[in-house]
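**Student:** Quick one: structure below, then a few questions.
The values are calculated or read from the model by the stated rules, or taken from the named source; none is laboratory data. Bear in mind the structure is a predicted one, so any value in this text is a computation, not a measurement. Using ideal geometry, Cβ is built from the backbone for each residue, glycine included, and neighbour counts are taken over all protein chains shown.
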């Protein structure tokens with residue numbers, strides 16, 4: 001676990017939010033920190049960031065084992081290991097334990113969904129960049145097949161296993177932000193639709209779409225879909241990105257809502273995904289443009 005303590009933290013002893021950032025296959029904690037520039041936003045707006053890093057012994061491709069039953073169970077493996085990192089942060093730093101978020105890319109995105117489903121009482125929101133729904137009742141091979149060749153399913157069949165996993169839990173499930181490229185050849189884009197169904201079911205959102213913004217942030221390839229519950233609270237957000245493959249969307253520049261580093265893992269879509277995820281999480285003032 002690598003920890004970024006915000007520079008603003010030296011000026012205030014108030015509890016601060018925490019964001020967990022999970023890298024994708026062949027990536028590293030250092031690499032994804034530079035590509036997404038979460039640390040820059042953390043310094044500006046005052047929140048902690050932690051970066052769990054996979055090792056070669058666990059997975060030779062440095063993927064988080066989102067498909068492995070040994071690693072996605074609450075009480076063992078990588079899921080428990082990351083939860084223990086949160087426990088460490090709560091014990092050693094001044095964390096706002098009501099504002100803990102997770103953000104992952106690819107395999108890290110899939111593991112983010114695992115954390116959201118295993119620990120809904122801990123995680124307030126999650127951002128899923130090129131990931132898919134977690135189905136705890138499936139075998140390891142079935143989970144991998146679902147990521148590449150997802151089958152159509154009903155919201156109830158996608159969401160009910162999560163409720164069964166959390167029998168007795170009566171609190172809110174995490175808010176979810178989904179980002180998916182239409183031309184992704186690694187993670188089938190249909191997974192984004194299944195994620196919308198799964199988390200809309202968990203938040204008791206009906207099928208009606210509450211808001212659609214084409215050309216979001218003046219980016220011609222980004223459409224933002226927003227789903228609200230009966231209390232008019234936004235609980236599911238989906239950024240559908242045209243002409244984008246398996247990449248992290250960025251928008252290099254000097255404006256407050258611009259950023260990201262150009263690498264083989266990122267693509268300039270005039271959409272600094274880190275900024276808008278942070279805003280959807282409530283880490284950035286709503287009035288800031």
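**Student:** Name every residue in region 7-40 that is within 22 Å of residue 255 (Cβ to Cβ) and either part of a helix (DSSP H, G or I) or out of contact with any strand residue (DSSP E or B) (no Cβ under 8 Å at 6 or more places or on another chain) (or both), in order of residue number.
**Tutor:** Once the filter is applied, which keeps residues that are within 22 Å of residue 255 (Cβ to Cβ) and either part of a helix (DSSP H, G or I) or out of contact with any strand residue (DSSP E or B) (no Cβ under 8 Å at 6 or more places or on another chain) (or both), region 7-40 yields 7, 8, 33, 34, 35, 36, 38, 39, 40.
**Student:** Additional query: Could you tell me whether residue 157 is at pLDDT 95 or above, on the phi < 0 side of the Ramachandran plot and touching a strand residue (DSSP E or B) at 6+ places or on another chain (Cβ under 7 Å)?
**Tutor:** no
**Student:** Something else about it: When residue 24 is evaluated against the numbered criteria (1) within 18 Å of residue 187 (Cβ to Cβ); (2) out of contact with any helix residue (DSSP H, G or I) (no Cβ under 9 Å at 6 or more places or on another chain), which criterion, by number, is the only one it fails?
**Tutor:** That leaves (2) as the condition not met.
**Student:** Taking helices (runs of 4 or more DSSP H) that fall entirely within region 85-169, which contain at least 3 residues that are buried (at least 21 other Cβ atoms within 10 Å of the Cβ) and either free of Cβ contacts under 8 Å to residues at least 60 places away in the same chain or more than 19 Å from the chain's Cα centre (by Cα) (or both)?
**Tutor:** Here the list reads 107-118, 155-165.
**Student:** Of everything in region 182-206, what is over 19 Å from the mean Cα position of the chain (by Cα) and in contact (Cβ under 8 Å) with a residue 24 or more places away in the chain? Give them in sequence order.
**Tutor:** Selection gives 183, 185, 204, 205.
**Student:** When you go through (1) in contact (Cβ under 8 Å) with a residue 40 or more places away in the chain; (2) within 20 Å of residue 276 (Cβ to Cβ); (3) over 19 Å from the mean Cα position of the chain (by Cα) one by one for residue 175, which number turns out not to apply?
**Tutor:** (3)
**Student:** Within region 41-59, can you find the residues that are part of a helix (DSSP H, G or I) and under 18 Å from the mean Cα position of the chain (by Cα)?
**Tutor:** 41, 42, listed by residue number.
**Student:** Further question on the same structure: Residues in region 27-49: is at least one modelled with pLDDT of 95 or more and farther than 23 Å from residue 283 by Cβ?
**Tutor:** Yes.
**Student:** Identify the single condition in (1) touching a strand residue (DSSP E or B) at 6+ places or on another chain (Cβ under 6 Å); (2) in contact (Cβ under 8 Å) with a residue 40 or more places away in the chain; (3) not in a loop (DSSP other than H, G, I, E, B) that residue 276 does not satisfy, given that it satisfies every other one.
**Tutor:** (1)
**Student:** Same structure again: Scanning for something within 20 Å of residue 194 (Cα to Cα) and more than 16 Å from the chain's Cα centre (by Cα), does region 244-251 turn up at least one residue?
**Tutor:** yes
**Student:** Is there a residue in region 7-18 that is within 23 Å of residue 114 (Cβ to Cβ) and at pLDDT 95 or above? Don't jump to the end; show me each part of the working.
**Tutor:** Going through region 7-18, the residues within 23 Å of residue 114 (Cβ to Cβ) turn out to be 17-18.
If we keep only those that are at pLDDT 95 or above too, we end up with 17-18.
Yes - at least one qualifying residue is present in region 7-18.
**Student:** Would you tally the residues in region 60-80 being part of a loop (DSSP other than H, G, I, E, B) and over 17 Å from residue 105 (Cα atoms)?
**Tutor:** Qualifying residue count, region 60-80: 6.
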